[in-house]
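The values are calculated or read from the model by the stated rules, or taken from the named source; none is laboratory data. Remember, it's a predicted structure, so these values are computed and weren't measured experimentally. Here the Cβ positions follow ideal geometry from the backbone for every residue, glycine too, while neighbour counts run over all protein chains shown. All accessible areas refer to the heavy atoms of the entire protein, side chains included, with ligands and DNA or RNA removed. Shrake-Rupley method; radii C 1.70, N 1.55, O 1.52, S 1.80 Å.
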Amino acid sequence: MAQPARPPTGYPSQNGAGQQPYSNGPVQNQLMHSSDGQGYSPSVPGLYSHQTPAKVPPHQTSGQYNYSGSQNVSQLNNYQGPGQTLNRPPVAPFSGSPVQQTGPVPQVLLPALQNSAAISSAGSFPPGASPPVLSNWQYSQTPVSQPVGSQTSHLAHMTGTGSAQPPSSLSGNTNPPGNYQYAASPGGPPLQNSYMKPGSAPPPVTQPLTPLHPPARPPLGPPPVGGPPLIRPSTLTAGPPNTQSLLNSAANREGDPTSAASDGSVVQNSYDAIEGGGLMATPHPSPAPPNLKMNRSVGYSYPTLPPGYQNTSPPGAPGMQASALQYPDGSKHFHQPALGTNHLTASMGGLSLQQEGLRPVNLLQERNILPMTLLKAPVPNLHEDIQKLNCNPELFRCTLTNIPQTQALLNKAKLPLGLLLHPFKDLSQLPVVTSSTIVRCRSCRTYINPFVSFLDQRRWKCNLCYRVNDVPEEFMYNPVTRVYGEPHKRPEVQNATIEFMAPSEYMLRPPQPPVYLFVFDVSHNAIETGYLNTVCQTLLDNLDLLPGNTRTKIGFITFDSTIHFYSLQEGLSQPQMLIVSDIEDVFIPMPENLLVNLNENKELIQDLLRTLPQMFTKSLETQSALGPALQAAFKLMSPTGGRISVFQTQLPSVGMGALKSREEPNQRATAKDIHLTPSTDFYKKLALDCSGQQVAVDLFLLSGQYSDLASLGCISRYSAGSVYYYQSYHHKHNPVQVEKLQKELKRYLTRKIGFEAVMRIRCTKGLSIHTFHGNFFVRSTDLLSLPNVNPDAGYAVQMSVEESLTDMQVVSFQSALLYTSSKGERRIRVHTMCLPVVTTLSEVYLGADVQAITGLLANMAVDRSVSATLSDARDALVNAVIDSLSAYRSSVLSIQQPGLMAPFSLRLFPLYVLALLKQKAFQTGTNARLDERIFTMCQVKNQPLVYLMLMTHPSLYRVDNLTDEGALNINDRTIPQPPILQLSVEKLSRDGAYLMDAGSVMFLWIGKNCGQSFISQVLGVPNYGSIPQNMTHLPELETAESIRTIAFISWLREQRPFFPILYIIKDDSPLKSSFLQNMIEDRTESALSYYEFLLHIQQQVNK
């Protein structure tokens, strides 16, 4: 699989370490440039559909916030603290009645319909965010000075009647329908969206257009006659009574990535206006002077149109009278060279199904079904011209690559429908667009993408809600080809993954500096582990590689039973320690010098890091006040947001958040484990407060004793942080963990990071998203709040078919991540995927993606473990296999055959589910510590699919006979590619050496009779008996065998963000049991062998 090009050693810095050019710096006047992994990606700027009714997800299960991380909307509604979701007023159907005007009001021209909805006095929302009720997390509410007339003139008070709204089934919209609506022209039909004003020549694209009202016409009808109508803001006779007040109160919503402008200026970022993107996103409290430059914070806009285009109006351009907006007759004269979904009928008609995927496999007879290479995602059955534009499955994949037309068909297949995303993955090539126009659908706010249809040069149809939109003038010119009039060749329409440099309108406050706060446990227990030496040294080594710029800030807090702050004020000869012993009412002793500029205070910071490990060596303080320390960190970080990295080595014992041990070693094994849920909601509530202030908390747990990770993990889960767990960490007794911490901490400190992010996932009308999995907080129905986003995090969602997809040949899915890069740029990373719709059960099975299905089921099983019991979750996994194979047998197989039949596409399904049952998260038996089980559940919820599958079903290779045959050549290195073997002792030979790659750990098992040449030339010892008991490194020898083996292991390690320890084991090694535990196909004390499992499945299927 294509991996980011990385230097061969260790974990490269992804964020400006200077090892390779990254595309996160200023973009110099170019439309596109390729980002080498630095393009940041918190995604979701236009995820705020303001003009369509938000959908209520079907079948939401009520329940608490459970550990597992899937957040149903109904669960969120039960929580009455920060982050509370907004109850939406019902929206009335569109009746086409004109806006009612009562009373004289100043006459104002509305600049753009989709932007007219909500410029309110207090500010704006993040892209796509639904305006929340003003919560208690606010930043200071700076009153916005604005003339009264302009305050109200852009707010079209619409009743449910006059709004041009698409059907309520549109998915992916999150705004209260009653709040943002189109203004219909008086006495006219719903307004047609137009990005350009009529009646003027096209200006250079760097200038905003004088706001004028676009012509009103029915969505697909002929152009109207006459000039643009004027709209008067007025009190409307009907409508939701609190629309105005709700908008005003919600506008400055603190939980969103930004708040109202602090300078008191008019905030042009009301996301209704902003989300319009492009030309209509220009400030418009009052008509703008013709030459006013556009307010841009980063990047540059496109070059102005070449002279040949500037003064002439192409057919249908805004330079003509409104009545003369002539399109070519219908779309028959327009030939769209690029294939859009409007060409699918012809393209898909001649495609035959790939029958291999449907070939029945008798699992009891065909034992060698495991592919010898890593399993690839299935390719959707689309025309090749469309498929080549589709999103990379490493970033975005669906459990079913053939989408069932109805929920009934989906139910019949007994397979889960959902998406798995890795939205901020490091990419070696990322097109980055800098433009003053970000083209989006005016109804559902979808970003223009390769799967829209161009009806002609001037109109495009959204592939999610099917609204017809106008092509903005600027979008007609392609600076890459320097051609005018070919909008379908723009990079936005040629790339399924793209990043936009967002203009300042996509910010709710100026980008904050990157702020990193480190919180260290310095109790006696912590000092004893020696972790502080490793962490401080790694931080010293990587200070210059922290992602950021000249504004980067850093601070430190240590704690035992008291809290210690460190003043790093300029002019001090050494850091000054301030101790706060009142942990019941934590306060910040000296707020101005505790977070300091990294570049200006580097010497003091380095002094502190060198002295910290020695400062507490004599400490006898055994208590841990983690809760108060986190409260102090939160208070310190609230004004700016940022990242808190907390290092903890024991169960918190004093102050808020103190916990008691709940682990009973004798009951570790039972499936009736009752301690998977948090014992307190303190950490969850604090995490939600953090999320509201754009703070994420990453937890590093380095502990030999039970530390109640089920409770502590909530601080990271709901604030979009990460959890790292180093079991029994000790610098002397467990030295291999020291290297793991060093390598993973380096990656953590230097990888790219996005701040103040929000993400929204949209899908075609008729589909509905109802449950989310991952580390985040669901802010408003489907807007995921990600105070930090990192390239190593994965997400999953469950979907249903809410309305029949009749007459649709394809459906599309789009994720958008809006974030601030560490350089202070607002960016939007968008991924779009297109999949075919099918009507038969056999086609649904044909397109099943067995790895994605397994990954989604694993996420659902974590939820079930927490909300019910571990045994319920295990039963549900087994039933998923039984139900799907039963449905296949009864409804698809025409001839009933003996044995256990599965479609070829699902041949590995029973094997993968058995692997899940034997994984630490779900296994029974006395092996797993409770914290270890919880940590594995954390990984299931937060790992991208590729890593999750490796941890679930490890890869086994024979490595004593590596050759260059079929090898990869990467950067002048030859990487052998041995075949993957089945996970069974049957496949081991005492004559060989075998490498097992289990994701976060590797085992190199040496057979008793392994060849002498491998032992001497790779292990560097004379014979088998000389292999050390605790060997964890291969010596670098100048032999061909050594070079090949090390190259292969290094290549495997480089492809993941965590560092797998390599254990070299012999037959008598104590770790042999761990190695054998991963032999999924063999029987263990508490689990069936693969063959026994198949017999059990067959028995149930044949009932």
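Relative to the globular-protein estimate of 2.2 N^0.38 Å, the Cα radius of gyration of segment 625-727 stands at 1.08. Shown is the FRET efficiency for residue 533 and residue 1033, computed with R0 = 30 Å from the Cβ-Cβ distance and rounded to the nearest 0.05: 0.90.
For residue 469, nonlocal amide neighbours, meaning residues 5 or more places apart or on other chains whose placed amide H falls under 5 Å from its own, are 460, 461, 462. Placing +1 on the Cβ of every Lys and Arg and -1 on the Cβ of every Asp and Glu, with nothing else charged, gives segment 909-1022 a dipole about its Cα centre of roughly 460 debye. Sequence-ordered 3J(HN,Hα) estimates for segment 367-373 from the Karplus curve with 6.51, -1.76 and 1.60 and θ = phi - 60° stand at 8, 9, 9, 6, x, 7, 10 Hz, glycine and proline given as x. Which of the chymotrypsin sites (Phe, Trp or Tyr not before Pro) across segment 495-591 are loop residues per DSSP, with 15 or fewer other Cβ within 10 Å? When the chymotrypsin sites (Phe, Trp or Tyr not before Pro) of segment 495-591 are filtered for loop state and at most 15 Cβ neighbours within 10 Å, 587 remain.
For segment 966-1023, the calculated P(r) over all alpha carbon pairs, in 5 Å bins from 0 to the bin holding the longest distance, is 4, 14, 19, 22, 23, 14, 4, 0 percent.
For segment 1019-1090, the orientation-averaged shadow of the C-alpha convex hull comes to 6.7 nm² (one quarter of the hull surface). Close amide H contacts of residue 430 (hydrogens built in the peptide plane, cut-off under 5 Å, sequence separation of 5 or more or a different chain): 35, 37.
Of the trypsin sites (Lys or Arg not before Pro) found in segment 698-796, those in coil by DSSP whose Cβ has at most 11 other Cβ atoms within 10 Å are 732. Tell me, what is the FRET efficiency for residue 408 and residue 573 to the nearest 0.05, using R0 = 56 angstrom and their Cβ-Cβ distance as r? About 0.15, to the nearest 0.05.
If r is the Cβ-Cβ distance from residue 489 to residue 606 and R0 is 56 Å, what FRET efficiency results, to the nearest 0.05? Computed FRET efficiency for residue 489 and residue 606: 0.60.
What you get for segment 383-520, charging only the Cβ of Lys and Arg (+1) and of Asp and Glu (-1), is a dipole of about 460 debye around the Cα centre.
Once you divide the Cα radius of gyration of segment 375-503 by 2.2 N^0.38 Å, the number left is 1.19. Modelled this way, with points 7 Å down the Cα-to-C-beta line, the labels at residue 540 and residue 897 are 6.7 nm from one another. Could you give the Stokes-Einstein D for segment 884-969 in µm² per second, using the C-alpha Kirkwood radius, 25 °C, 0.890 mPa s? In µm²/s, the coefficient rounds to 150. Heavy-atom accessible surface of residue 573, to the nearest 10 Å², is about 110 Å², with a 1.4 Å probe and all protein chains retained. Taking Rh as the Kirkwood radius computed over C-alpha pairs, what is the Stokes-Einstein D of segment 698-748 at 10 °C in a medium of viscosity 1.306 mPa s, expressed in µm² per second? The estimated diffusion coefficient comes to 136 µm²/s.
Scanning residues 5 or more positions from residue 361 or on other chains, those with amide H under 5 Å from its amide H are 902, 904, with H placed 1.01 Å from N in the peptide plane. Projection of the Cα convex hull of segment 759-862, averaged over all directions and equal to a quarter of that hull's surface, yields 7.9 nm². Between the listed residues 857, 808, 781, the Cα displaced farthest toward the positive end of the dipole of segment 754-867, a dipole computed from Cβ unit charges relative to the Cα centre, is found at 781. Note on residue 1024 and residue 736: the extension gain reaches 101.4 nm, defined as 0.36 nm multiplied by sequence separation minus the Cα-Cα distance.
Applied to segment 520-531, the Karplus parametrisation 6.51 cos²θ - 1.76 cosθ + 1.60 on θ = phi - 60° returns per-residue 3J(HN,Hα) values of 10, 6, 10, 5, 4, 4, 5, 5, 4, 6, x, 5 Hz, with x for Gly and Pro. Counting only the Cα atoms, segment 974-1103 fills a convex hull of 134 Å³ per residue.
Shape call for segment 824-930 from the C-alpha gyration tensor, a ≥ b ≥ c root eigenvalues: rounded (a/c under 1.5), prolate (a/b greater than b/c) or oblate? Oblate shape, in that a/c is at least 1.5 and b/c is the bigger or equal ratio.
Taking every protein chain into account, the accessible area of segment 514-595 amounts to 36 square angstrom per residue (probe 1.4 Å).
Out of every Cα-Cα pair that segment 940-983 contains, those further apart than 11 angstrom amount to 72 percent. With contacts taken as Cα pairs under 8 Å at a separation of at least 6 residues, segment 740-868 carries a relative contact order of 26 percent.
With a simple spin-label model that places each label point 7 Å from the Cα along the Cα-to-Cβ direction, the separation between residue 985 and residue 622 comes to 4.3 nm. Checking every one of the trypsin sites (Lys or Arg not before Pro) in segment 997-1070 against DSSP loop status and a limit of 16 other Cβ atoms within 10 Å picks out 1008. Rg/Rh, computed from the Cα trace of segment 745-818 with Rh as the Kirkwood radius, has the value 1.08.
Our summary gives segment 447-511 a relative contact order of 27 percent, counting only alpha carbon pairs under 8 angstrom and 6 or more residues apart. Beyond 19 Å in Cα-Cα separation lie the following of the pairs 752/920; 635/685; 987/1008; 414/765; 740/1072; 752/823: 752/920; 414/765; 740/1072. Each part gets one Cα centre, and for segment 742-802 versus segment 869-906 those centres are 31 Å apart. Along segment 638-648 the Karplus relation, 6.51 cos²θ - 1.76 cosθ + 1.60 evaluated at θ = phi - 60°, assigns HN-Hα couplings of 3, x, 10, x, x, 10, 9, 10, 10, 10, 9 Hz to successive residues, with x for each Gly and Pro. When the surface is traced with a 1.4 Å probe over the full set of protein chains, residue 577 keeps roughly 70 Å² accessible. The fraction of accessible area contributed by carbon and sulfur in segment 854-920 is 48 percent, rounded to a whole number (1.4 Å probe; ligands and nucleic acids excluded). Pair-distance distribution P(r) for segment 689-803, from all Cα-Cα distances in 5 Å bins starting at 0: 2, 10, 18, 17, 16, 14, 10, 6, 4, 2, 1, 0, 0 percent. Shape of segment 412-476 from its Cα gyration tensor (a ≥ b ≥ c, root eigenvalues): rounded if a/c is under 1.5, otherwise prolate when a/b > b/c, or oblate? Here segment 412-476 falls in the oblate category.
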